[in-house]
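The values are calculated or read from the model by the stated rules, or taken from the named source; none is laboratory data. What you see is a predicted model; the values in this text were computed from it and never measured. All Cβ positions, glycine included, derive from the backbone under ideal geometry; neighbour counts span all protein chains shown.
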Amino acid sequence: MTYKKITPKELHVRLNSDEKLVLLDVRAEEKFNEFHIKESRNLPKTVIFQLDEKEDAELSLPKDQEIIVTCTTGNSAAKCAAILDNLDYSVTVLDGGLTGWKEYLSSLED
């Protein structure tokens, strides 16, 4: 597995720059609707777990851009990243997931 990790702080800095990022939230749609990083799009992990190389084209994910994968704690994101990495995507996992992201944001408010 060759995916990288990004800390919530690094992601925050990159989102505030003009960099184009692909943020992929792999949680179930209900959880995504409750809370997500506003720039992210939802693609439930169940879809990614069932992927094979034929269906890969239907994802409409760019192969020439880094894809940052998020979930609640980072575990599902890591599994999805491994699958996407095998399909030749450039993948990074948000360290600590959205739990870490929320903690980081609340630390900014102190």
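Residue-level analysis places LEU61 among those that are over 27 Å from GLU109 (Cβ atoms) and surrounded by 12 or more Cβ atoms within 10 Å (Cβ to Cβ).
In summary, SER107 fulfils each of the numbered conditions (1) surrounded by fewer than 18 Cβ atoms within 10 Å (Cβ to Cβ); (2) within 13 Å of the chain's Cα centre (by Cα) with the single exception of condition (2). Restricting the stretch 1-48 to residues that are among the hydroxyl-bearing types (Ser, Thr, Tyr) and under 15 Å from LYS79 (Cβ atoms), the residue that is nearest to the chain's Cα centre (by Cα) is TYR3. Taking the criterion of being in a helix (DSSP H, G or I), of a type in the set (S, T, N, Q) and farther than 17 Å from ALA28 by Cα, the residues of the stretch 58-110 that qualify are ASN86, SER106, SER107. For the residues LYS5, LYS45, the requirement of being in contact with a Ser or Thr (Cβ under 7 Å, 6 or more places away or on another chain) and modelled with pLDDT of 95 or more singles out LYS5.
When residues in the stretch 1-27 are screened for being assigned to a loop (DSSP other than H, G, I, E, B) and surrounded by 16 or more Cβ atoms within 10 Å (Cβ to Cβ), 4 of them pass.
Contact list please: Cβ distance under 8 Å, first residue in the stretch 81-110 and under 9 Å from PRO8 (Cβ atoms) and in contact (Cβ under 8 Å) with a residue 40 or more places away in the chain, second residue assigned to a helix (DSSP H, G or I) and of a type in the set (D, E, K, R), pairs at least six apart or on different chains. Hits for this filter: GLY96/GLU103; TYR104/LYS9.
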